[in-house]
Structure formats: C-alpha cells, structure tokens
Amino acid sequence: MSEALELCRELVRFKTDENNVGPALEYLLSVLKKAGFSGKITDIDAPGGQKVGNLFATAGSGGRHLLFSGHMDVVPAGDFSGWKYPPFDAVVADGILYGRGIADMKGGTACFAAAAKKYLASGGAGRISLLISGDEEEPLVDGTDKMLERLSARGEKFDFCLVGEPSNPRRIGEEIKIGRRGDIVLKITSYGEAGHTAYPHLAVNPIHNLVTLLAELTRSPLDNGNEFFDPSTLQITTVDVGNLASNVIPAEAFAQIDIRFNSSHSGTSIVRWVEEIISRAPGRFKLDYEIAGEAFLSKISPDVEKLSAAVRKVSGIQPEYSTKGGTSDARFVKKYCPVVEFGLTNGSIHKTNECETVENIEKLTNIYFEFIKSFFA
Ligand SMILES: [Zn+2]
C-alpha cells in the first residue's frame, strides 16, 4: 500500500463529522513532523463555546513559498444503513476506498502530504506549508480565514496556494478551478395588515405583494455569463407564511433566495439591484442578507500553467480551467495570494458511499509531486 493511500485510510478513520477534528489534525501533524515539518494546532472559538482546531505546518526555508489548503471536517454520514461499508472504516474493495470525507477532502490532504514528504526526502528546496482547517463545512467559524489573518499578522507570505478540494467531475485531470462564483442568501419579509378574507379591503395581503416581488426578481436572467463563468443563478429556496387559517389574511410573509453570482457582480451590487426592485414593488418589505462569498477569478499565471502541465503529464488529460461549483476556502485565500483548486473527483461528495479509486489517489499524489517539483524548479 502506498503512503498516500495509507494516510487516506488513517484520516478517514477519525470521525470528524461532529466538530472533533483535533485527533485527526494531531495525527497528521505527527506524520508531517517525521518528514521535517514543524507546526501546531490553533483552536479558534466557534459558536456555542466550542473550539475548532486548525493546523498550520511548514517545512523548508528560503525561495518561494507554496501553500496547500485543505480541511479535516466532513459532513455527517447520516444513517449508516445506506453505506456498503461503515463510513469511518476506510474499507478498500475492488480498488475503491469507501469513507466519509475521502473525496471531500481527506484524500486531497493525504495526497498532498505524501507528495510534499517525497519532495523533501529527495532534497528539494523551497518552503512548503499546509493549512488544514477544522471548519470548512460547519459550524462556519471560517477557520482558514481566521488562520490566514493570524499568519499574515506575523509576517507569513505565500507565493501561491493550491486548494485540494475535489475539482474533477469524473476523471482526474478534467478541471482546475481558477475561480468560484459568489454566494448571497437574501431573506425578504413582506409586511401587510392581517384581516378577514371576506373583507380584504380592510387588510393588506403580504403574500400577494411578495409573489409580485418574487416574479419581478425571477423575470429575467441576471446575466449571460462571461469568458470564464456560466450565467449567475437565482433560486427561491423557501416561501413561508405559516398560516393555518383559511379565512385569515396574514400579517407577514417570508421568502429566502440563494443567488450564485459570477465575476460580473459583487455581493453589494446584487443587494443594490434587489433594493432597487423592492423600491418599485408594491408593499412594504425588509431585506436581510448574508454574503457567503464573493466571486473571484485567478489569472492564468506561469504557476497555474505548471499545475496544468503536471496534470497533463500524469493523467494524460489537458485540464480545463473552470469556475463551476460552490464556494470553498479559496475565497479567503485569494486575499493573500493567487489560488487555484485541484483535487480528487467530486461525484460522490456529501453522498452515501462517498468513495474514490485507489488509482485516482495515486494519480493525484503524483500530480501534486510533479507540481511541487516544477513550482520550485
Ligand atoms: Zn470540501
């Protein structure tokens, strides 16, 4: 068994779906220390008095500084009954490793750690660091963001960051993510005046006003996409009134909308657009919103081209530069250095029977190794 595969299995065996990443991070740190890394785990306060561990480990000095960004938390495995093999047993069957988090993204983390170790063992120069967050999925303390703030405050600088999120739809080599769409959640409350449905002239129906507003918001596409991005999307995710009576006009109605926007917009420009439509719509509304991440795009630099060449060399596939998918910690890293994402395949992530082939794990390790070599060459 290769070192990368063995490390994948060890990491999957730590049950990190319940804000309990500490032991897994300790284990990874002990493995990295044997290869010459130094580092420590920093606890960051999470809601409800919890603490979430985040690992920063670094090796080498001088020259360029390469950062790998990953996360050790995983989404819950749900009811185990649907799994072919227990989700935290890391069973390998017919060349496939099953386990919660193997693809998203303990696998990418293990592959990078193994590749970095091999590079250092070969006497390679340059500085390599790993920042492994304990909170990418939940409870959203933004571990990577807070860690980078601290690292930057103490003078750490990075030349390039590779995020190891699973970037490939089916086969290793298909996609390098060079950007991500932004994400904003809108919460709109429509205020009316309660009353009897038989006397609507004495009431104001907040649902009617809300429906009119939602129709306006969904009427035309936000844009047609641009060179690197698909069109932005707007999805109404819930409309809630909670009215149990059939003869009462309620006083309030609520809707939530999730907008995934491309680099033609910012969270603020979306808010302004919505506010403008609200100002013209009949009724009285309150708009609340959460900008989960801004859209970003990394330029195709020589480092990105080196990664592309490493992917092609090992996988035989010319990767496409893509911006598809949801948000990731790359949205935090982009404030500090150029960042792209490349990792395992994403067809099984967050699903029952999450898995990855042993072949892909070996391929990704080799790609990371080739990239590290060319990055410092
Ligand atoms: Zn992930």
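The values are calculated or read from the model by the stated rules, or taken from the named source; none is laboratory data. Note that the structure is a prediction, hence the values are computed from the model and not measured. Every residue, glycine as well, gets a Cβ built from its backbone with ideal geometry; the counts of neighbours run over all protein chains shown.
What to note about this one:
- Single unsatisfied condition, I44 versus (1) within 15 Å of the ligand (Cβ to nearest atom); (2) crowded, with 19+ Cβ neighbours inside 10 Å; (3) among the β-branched types (V, I, T); (4) modelled with pLDDT under 95: (1)
- Condition broken by A103, with the remaining ones in (1) under 16 Å from E356 (Cα atoms); (2) among the small types (G, A, S); (3) away from the ligand (no atom under 16 Å from the Cβ); (4) not in a loop (DSSP other than H, G, I, E, B) satisfied: (3)
- Within the set D159, D142, the sole residue that is assigned by TED's automatic domain parsing to the domain that holds V74, within 16 Å of the ligand (Cβ to nearest atom) and surrounded by fewer than 23 Cβ atoms within 10 Å (Cβ to Cβ) turns out to be D142.
- Any chance D303 is farther than 20 Å from P221 by Cα, buried (at least 16 other Cβ atoms within 10 Å of the Cβ) and charged (D, E, K, R): yes
Results for (1) of a type in the set (S, T, Y); (2) surrounded by fewer than 13 Cβ atoms within 10 Å (Cβ to Cβ), shown as yes or no for each residue.
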site: P200; (1), (2): no, yes
site: N205; (1), (2): no, no
site: H208; (1), (2): no, no
site: V211; (1), (2): no, no
site: A215; (1), (2): no, yes
site: N226; (1), (2): no, no
site: T237; (1), (2): yes, yes
site: N243; (1), (2): no, no
site: V248; (1), (2): no, no
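- Where a residue in the range 116-139 is at positive phi and its partner, wherever it lies, is away from the ligand (no atom under 16 Å from the Cβ), with Cβ under 6 Å and at least six apart: G126/G60; G126/G63; G126/R64; G126/F376
- If only residues of the range 51-73 that are at pLDDT 95 or above and outside any strand (DSSP E or B) are counted, the one that is nearest to T327 (Cα to Cα) is M72.
- Odd one out for T109 among (1) at pLDDT 95 or above; (2) of a type in the set (V, I, T); (3) part of a loop (DSSP other than H, G, I, E, B): (3)
- Helices (runs of 4 or more DSSP H) contained entirely in the range 276-377, each with at least 1 residues that are within 16 Å of the ligand (Cβ to nearest atom): 330-333, 358-376
- For the range 74-106, residues that are of a type in the set (S, T, Y) and modelled with pLDDT of 95 or more total 2.
- The residue that is surrounded by the fewest Cβ atoms within 10 Å (Cβ to Cβ), counting only those in the range 162-193 that are in a loop (DSSP other than H, G, I, E, B) and within 16 Å of the ligand (Cβ to nearest atom), is P169.
- E341 being surrounded by 20 or more Cβ atoms within 10 Å (Cβ to Cβ), under 28 Å from Y119 (Cα atoms) and more than 21 Å from the chain's Cα centre (by Cα): no
- Any hit, the range 87-99, residues being within 16 Å of the ligand (Cβ to nearest atom), in the same structural domain as R13 (by TED's automatic domain parsing) and within 16 Å of N360 (Cβ to Cβ): yes
- Members of the range 1-50 found to be of a type in the set (S, T, Y) and assigned to a helix (DSSP H, G or I), listed by number: Y27, S30
- Residue match in the range 256-270 (condition: under 23 Å from the mean Cα position of the chain (by Cα) and either within 16 Å of the ligand (Cβ to nearest atom) or acidic (D, E) (or both)): yes
- First in the range 50-76 and among the hydroxyl-bearing types (S, T, Y), second anywhere and in a loop (DSSP other than H, G, I, E, B) and within 14 Å of the ligand (Cβ to nearest atom), Cβ under 6 Å, 6 or more apart: S69/D329
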